[in-house]
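Student: Shown below is the structure under consideration.
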Amino acid sequence: MSRLKRRFDKEVEMSRGRFGKFGGQYVPETLMNELIRLEEQYNFYKNDPAFNAELTKLLNEYAGRPSRLYYAEKMTKDLGGAKIYLKREDLNHTGAHKINNCIGQVLLAKKMGKTRVIAETGAGQHGVATATVAALLGMECEVFMGKLDCERQRLNVYRMELLGAKVHPVESGTQVLKDAVNETMREWAGRVDDTHYVLGSVMGPHPFPTIVRDFQAVISREARQQILEAQGKLPDTVVACVGGGSNAMGMFYHFIGDEGVKLIGCEAAGHGIETGEHAATIADGSLGVFHGMKSLFCQNEYGQIKEVYSISAGLDYPGIGPEHAWLHDIGRAEYVPVTDDEAVEAFEYLARTEGIICAIESAHAVAQARKLAPQMSSDQSMIICLSGRGDKDVAAIARYRGIQISD
Amino acid sequence: MARSIKDAFAGGKAFIAFITAGDPNLAATEEYILEMERAGADLIEIGIPFSDPIAEGVVIQEADLRALKSGTTTDKIFDMVGRLRQKTDMPLVFMGYLNPVFHYGYERFFTRCEECGISGIIIPDLPYEEKGECEAIAAAHGVDVISMIAPTSESRIRAIASEARGFLYVVSSMGVTGVRSEIKTDLASILTAIRKVTDIPAAVGFGINTPEQAAKIAAICDGVIVGSAIVRIVAQYGTEAGPHIYEYVRRMKGALRS
């Protein structure tokens, strides 16, 4: 471990759930003892060999890890610059990186003696992953999903029901992801003794940003080793999309201490930052306190949380995880806006060039890679985190191109 | 000079009434606060609406959205309190989520509180561990950051109560605000734990809506807090809610006197 990495870890440890000025535990008193207990239990189990053996077994044999690091040769040649590698989280069971965190948290919940898990979901990916692991481990599962999202993603609602979960359409507020988080927190505050909240991203009150990051860090733990095996040296750049930021945090984590590796997070710029219709928190957000954490948020002049927009439901969140806000603040990671148009073009490009239909979220990272690779030399390399597969997005992309197909 | 939180608890069991500022508009809020004072309320909690109130049940959530939709802002709420202060010296506190306060700027926010005689603030998403955010700045302007104790607080009660200012807000039930037919928490043992470390007043809120509940709970604490039941009257009668609120508060306060 490098000196830089040690300094980062120490700073976080010393400040109890703080990443610089970001993070913290801004929740109602009702939840405080449960969060303290969660932290204690997590700190115990993360060092417990039996827990880790069970976790690794599930990740490998059930979720299909390690995921491949694929050298995208055609794309590399076509862009004519850096060597491009794709970290294939899309090949995991349930089709995205979300399963890494769900296996970890549901297993932890079970060890803690919980019998029921609840979760928020936007497009439904995290809900499906939670319902999947709950089915496997024999836990009761209830998922909160904005009513508008339920209507847009009927297939995922049915998928969760097939897996034995109960889906609650959230009718409060703006009826999307942030409202689903609100409702799941309310539900949790009403019933903590038998219930664990499987938060889906590196956000929320401490210890969630740390727990989710640790469970997602398997992505960069593998990728770092895989690229060293493939080319004998570290990549120059690592690119990932960022909503709350869980795949990006997992993809960045083990590279943070490698000072020569550029870390780039791609935010959803929707119709463009200047239109106000976007979800680009770093580009256009400001410091605030929301969903249990101090971080950057899209908000108005009075601190009311704004409605955000992206073609990608998975990036359609008005905040960003506190560790990302901090990596941005200290200049260790760079965050760039990518528009709907750019993401859709990248989605189509990857399908045609490499025969991979990736999630529209991941396509934001692909779009940025298309801009960067040609400016780099052929002895340089980059890894793109392909966080999910794109089956779920096909109908929406067709609609975007003016073609009506029913899903 | 506005009266203090202490004054609110000086005349027997206190009736603390909550109302969302700006629902359905700020002129109505101003009128309803005066009605509640006239009906015997000892302390008014003025809710600063927030887009995402995670500790609220559906009644107050909807009130917040109505208030924001009617154009309510933190500045306009301060202006309303300023007008109110021409007419009453009754003790007033705010209830609001941290982000609007943080975003307004702590120094600026609490300076304005001091100017218009707001003597405390309840911030549901600011637990004991995070109160260093603004407690000192608030105190410098004579504003108490009011601490909450929940049914799950257990071993935390001691620390929270021993540093409490103004009064202690004891949350009666798990979950969010809203009318409940039954309150199952063992409040007496929570109150006993509080009394071991502090003698500042302790008021119970969440779920209380009938005079019978209020009387029963007030027997073991210093006051009761009622929110959703009042906000529900506003939701039902809109700008015509004055007499209904007056009547409701009068009955509730009556139950505390007997």
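Student: May I ask you to list the residues in the stretch A:172-200 that are more than 18 Å from B:ILE54 (Cα to Cα) and in contact (Cβ under 8 Å) with a residue 60 or more places away in the chain?
Tutor: A:ASP194
Student: Considering only the stretch A:162-172, I want to know if a residue exists there that is within 13 Å of chain B (Cβ to nearest Cβ) and not in a strand (DSSP E or B).
Tutor: Within the stretch A:162-172 (the criterion being within 13 Å of chain B (Cβ to nearest Cβ) and not in a strand (DSSP E or B)), the answer is yes, since at least one residue qualifies.
Student: I would also like to ask the following. Going by the conditions given, is B:GLY47 of a type outside the set (Phe, Trp, Tyr), touching a Gly at 6+ places or on another chain (Cβ under 8 Å), at positive phi and modelled with pLDDT of 95 or more? Write out each step before concluding.
Tutor: On the way: of a type outside the set (Phe, Trp, Tyr): yes; touching a Gly at 6+ places or on another chain (Cβ under 8 Å): yes; at positive phi: no; modelled with pLDDT of 95 or more: yes.
Criteria not met by B:GLY47.
Student: Next question, about the same structure. Just checking, which of A:GLY288, A:GLY303 is within 14 Å of another protein chain (Cβ to nearest Cβ), in a strand (DSSP E or B) and free of Cβ contacts under 8 Å to residues at least 40 places away in the same chain?
Tutor: Going through A:GLY288, A:GLY303 in turn, the sole match is A:GLY288.
Student: Further, regarding this structure: Within the set of pairs 6 or more residues apart or between chains, which connect a residue that is at the interface with chain B (Cβ under 7 Å from one of its Cβ atoms) inside the stretch A:22-35 to a residue that is among the charged types (D, E, K, R) and in a helix (DSSP H, G or I) with Cβ atoms less than 7 Å apart?
Tutor: Between residues of the stretch A:22-35 that are at the interface with chain B (Cβ under 7 Å from one of its Cβ atoms) and residues that are among the charged types (D, E, K, R) and in a helix (DSSP H, G or I), the close pairs are A:GLY24/B:GLU130; A:GLN25/B:GLU129; A:GLN25/B:GLU130; A:TYR26/B:GLU130; A:MET32/B:ARG156; A:ASN33/B:GLU154; A:ASN33/B:ARG156.
Student: So A:GLU274 ticks every box in (1) over 25 Å from A:GLY388 (Cα atoms); (2) within 18 Å of the chain's Cα centre (by Cα); (3) away from every other protein chain (no Cβ under 14 Å) but one. Which box is left unticked?
Tutor: The number of the failed condition is (2).
Student: Next question. Mind telling me which of the residues B:SER119, B:SER70 ends up being among the polar types (S, T, N, Q) and in contact (Cβ under 8 Å) with a residue 60 or more places away in the chain?
Tutor: B:SER119
Student: Looking at (1) away from every other protein chain (no Cβ under 14 Å); (2) over 23 Å from A:GLY104 (Cβ atoms); (3) touching a Cys at 6+ places or on another chain (Cβ under 8 Å), which one does A:VAL308 not meet, given that it meets all the others?
Tutor: Failed condition: (1).
Student: Are there any helices (runs of 4 or more DSSP H) wholly within the stretch A:52-159 with 3 or more residues that are closer than 27 Å to A:ASP193 by Cα, and if so which?
Tutor: It comes to A:98-111, A:125-137.
Student: Among the residues that make up the stretch A:342-350, is at least one of them under 22 Å from A:GLY95 (Cβ atoms), in a strand (DSSP E or B) and touching a residue at least 12 places away in the same chain (Cβ under 8 Å)?
Tutor: The answer is no; no qualifying residue exists.
Student: Does any residue in the stretch A:144-171 that is loosely packed, with under 14 Cβ neighbours inside 10 Å come within less than 6 Å, Cβ to Cβ, of a residue that is part of a helix (DSSP H, G or I) six or more places away or on a different chain, and which pairs are these?
Tutor: From residues that are loosely packed, with under 14 Cβ neighbours inside 10 Å, the pairs are A:GLU171/A:LYS147.
Student: Another question about this same structure. Just to confirm my filter: which helices (runs of 4 or more DSSP H) fall fully inside the stretch B:75-171 and include at least 1 residues that are over 17 Å from the mean Cα position of the chain (by Cα) and under 28 Å from B:ASP199 (Cα atoms)?
Tutor: Ranges flagged: B:106-115, B:135-140, B:157-162.
The values are calculated or read from the model by the stated rules, or taken from the named source; none is laboratory data. What you see is a predicted model; the values in this text were computed from it and never measured. Heads up, the Cβs are rebuilt from the backbone with ideal geometry, glycines too, and the neighbour counts pull from every protein chain shown.
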